[in-house]
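What follows is one structure encoded as structure tokens, with my remarks underneath.
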Amino acid sequence: MGQRTDRHWFSLHAVLVALLISALPTASNATPCGEVQGLENFHKAIEDVEGGVRSRPLTILHLGDSHIALDSFTRGLRNRWTETFGNAGRGLMPGVPFRYYAPDGFKLEMRGNWDVASSLAADASGPFGIQGFRASSADKNAVMGVHSESAVSRVVIDVYGTPHSGALLLKLGNAASLKLSTRRDVPGLIQLSVPAANVHEVRLMPAGTGDVHVLGWNFLSSGSPGMRYDSFGVVAATANITRRWDRQTVHAQIGAMKPDLVILGFGTNEGFNNGLDLEAYRELASSFAGEIKEAAPDASIALLGPFDGARQGTGEACGDGWMTPPKLDGVRGVLRDVAAAHGYFFWDGGAAMGERCASNEWAKADPPLMYADRVHLRPAGAERLAGALWNALMEQEKQGSSCGRPSGPG
């Protein structure tokens, strides 16, 4: 401040300014206190855990495309949730379903004769669950192995059983292998749940008695009450991939998981499709979200509008030859409308980045927040957006003292 030539006037002026400031809304990264459409059940589950009236872990299922396939974006969410509530484990895809699959906290191996099928291709056949992949084998020398950094207290294996399915051998640490049948008179999902004595090494092998079809497996820990956050993404996927998943299997998996929140992160690849029929997409997004709600009626549903992106080609110019795909904002509009119509939560990933052409600016930032393709996030950008989504999902779980809680680590 300058020199005080009129101390009495200055004191009065300071009081008036303070009163004016106190009357203004407080500016912060937190959203105002109050209920947010679509998150009521999730917030109630958090309240029950924090109030000590629930011991079952908080459970989140996150499905989507390449932003979800690796742990670059989901890492920030998972770290915040597990630091807040404890680690109750997570589910994984079967074996090593695609190159570079390396989920945080696990080292994976896959040896022998495994046939790994993806639900990405339009002509994909056979049963798929929420993991989007299936690993099949009858080779008794085949191995699917995991080293978990966290101690594992229970392993749950999702397999698709048929009348002709063989058995699996499950080896937990140094214990003798357990033989588990995957045969089912009527084809469908079997969940094999086996307690483990806080082991770190788990191996799964066909017993050589017939084909086994592994959809995924879950490694649960004893964090109390803990957060279980399962994230399954398929590179290049659109929401159309869900049409190739076995409906009964998906319903059974989600029903058994009992998620408190299901996050759907499709939309980027749809937005880059100039020929996308937005009305058909509206029907697809609404239908799949409705199936999830049917399987998990107590879950909150969150629809994520795609992040900003750009490409060389057709679209609205962003500079340097980069264009915004013309359907990208239309996809956000469809998802926003579906959320409003059905009482789901909607989060706009493009707005969180700074609206249209933000991807071009993020790619040119120093250090860059996005890769040169203007589609995929670098670690710093992924962490920034993970923090923004975590705040949007968490800061209003309760009114009162918890409202506007800090954004957690990172």
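Points to keep in mind about this one:
- When restricted to residues that are surrounded by fewer than 15 Cβ atoms within 10 Å (Cβ to Cβ) and in a helix (DSSP H, G or I), segment 338-361 contains 2.
- Output for segment 140-167, where each listed residue is open to solvent by less than 50 Å² (accessible area, probe 1.4 Å) and either over 23 Å from Tyr101 (Cα atoms) or among the aromatic types (Phe, Trp, Tyr) (or both): Ser153, Tyr160, Gly161, Thr162, Ser165, Gly166, Ala167
- Test: residue in segment 239-260 that is out of contact with any Asp or Glu (no Cβ under 8 Å at 6 or more places or on another chain) and in a strand (DSSP E or B): no
- Residue check, Gly233 under 26 Å from Phe73 (Cβ atoms) and either more than 16 Å from the chain's Cα centre (by Cα) or open to solvent by less than 40 Å² (accessible area, probe 1.4 Å) (or both): yes
- In the condition set (1) open to solvent by 50 Å² or more (accessible area, probe 1.4 Å); (2) over 22 Å from Asp71 (Cβ atoms); (3) touching a residue at least 12 places away in the same chain (Cβ under 8 Å), Cys318 is compliant with all but (1).
- Matching entry among Gly105, Gly129 (being touching a residue at least 12 places away in the same chain (Cβ under 8 Å) and at positive phi): Gly105
- For segment 240-259, the set of residues classified as open to solvent by less than 10 Å² (accessible area, probe 1.4 Å) and either under 15 Å from the mean Cα position of the chain (by Cα) or within 26 Å of Gly52 (Cβ to Cβ) (or both) consists of Ile254, Pro259, listed by residue number.
- Checked against the criterion of being assigned to a loop (DSSP other than H, G, I, E, B) and touching a Gly at 6+ places or on another chain (Cβ under 9 Å), the candidates Pro97, Pro103 yield just one match: Pro97.
- Across segment 225-252, the number of residues qualifying as at positive phi and either of a type in the set (D, E, K, R) or in contact with a strand residue (DSSP E or B) (Cβ under 7 Å, 6 or more places away or on another chain) (or both) comes to 1.
- Single unsatisfied condition, Ile263 versus (1) touching a helix residue (DSSP H, G or I) at 6+ places or on another chain (Cβ under 7 Å); (2) surrounded by 19 or more Cβ atoms within 10 Å (Cβ to Cβ): (1)
- In segment 364-374, of all residues being in contact (Cβ under 8 Å) with a residue 12 or more places away in the chain and surrounded by 21 or more Cβ atoms within 10 Å (Cβ to Cβ), the one that is farthest from Met323 (Cα to Cα) corresponds to Leu369.
- Residue in segment 181-189 that is open to solvent by less than 80 Å² (accessible area, probe 1.4 Å), closer than 17 Å to Ala138 by Cα and not aromatic (Phe, Trp, Tyr) present: yes
- Enumeration of residues in segment 101-117 that are open to solvent by 40 Å² or more (accessible area, probe 1.4 Å) and touching a helix residue (DSSP H, G or I) at 6+ places or on another chain (Cβ under 9 Å): Ala102, Asp104
- Residue within segment 299-308 that is at pLDDT 95 or above, surrounded by 19 or more Cβ atoms within 10 Å (Cβ to Cβ), farther than 30 Å from Ala256 by Cα and not basic (Lys, Arg) present: yes
- Of all residues making up segment 142-165, the number that are touching a residue at least 60 places away in the same chain (Cβ under 8 Å) and among the polar types (S, T, N, Q): 3
- If the condition is being on the phi > 0 side of the Ramachandran plot and either assigned to a loop (DSSP other than H, G, I, E, B) or of a type in the set (A, V, I, L, M) (or both), then segment 172-220 contributes Gly173, Gly208, Gly210.
The values are calculated or read from the model by the stated rules, or taken from the named source; none is laboratory data. Bear in mind the structure is a predicted one, so any value in this text is a computation, not a measurement. Here Cβ is always computed from backbone atoms with ideal geometry, including for glycine, and neighbour counts include all displayed protein chains. SASA here: full protein model, heavy atoms, side chains in, ligands and nucleic acids out. Shrake-Rupley method; radii C 1.70, N 1.55, O 1.52, S 1.80 Å.
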